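Comments concern the structure below.
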């Protein structure tokens, strides 16, 4: 009879949206009204202020006054631009 181990496989970490950290970070950037750089998965970068966000998207207000709606799946990183 084979011996069964009582060890359980390690638990997977929850996706970022389930930990609340993503929401906390975006809220802080939104409330601070600071400039941010958003790097997309294709390597391009956009600069502006986070105007709003939802579970699936981020709206970025560009320096020209226009807004750009970005799907979170297309975003690699969001970094605050230090003054």
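None of the figures in this text is laboratory data; all of them are computed from the coordinates on show. In this text, all values refer to a predicted model and were calculated from it rather than measured experimentally. In this analysis, Cβ positions are derived from the backbone assuming ideal geometry, glycine residues included, and neighbour counts consider all displayed protein chains.
If you check residue 22 against the conditions, is it touching a strand residue (DSSP E or B) at 6+ places or on another chain (Cβ under 8 Å) and on the phi < 0 side of the Ramachandran plot?
no
Could you grab me the full set of residues in the stretch 33-66 that are loosely packed, with under 14 Cβ neighbours inside 10 Å, outside any loop (DSSP other than H, G, I, E, B) and without any contact (Cβ under 8 Å) to a residue 24 or more places away in the chain?
Within the stretch 33-66, 45, 52, 62 meet the criteria.
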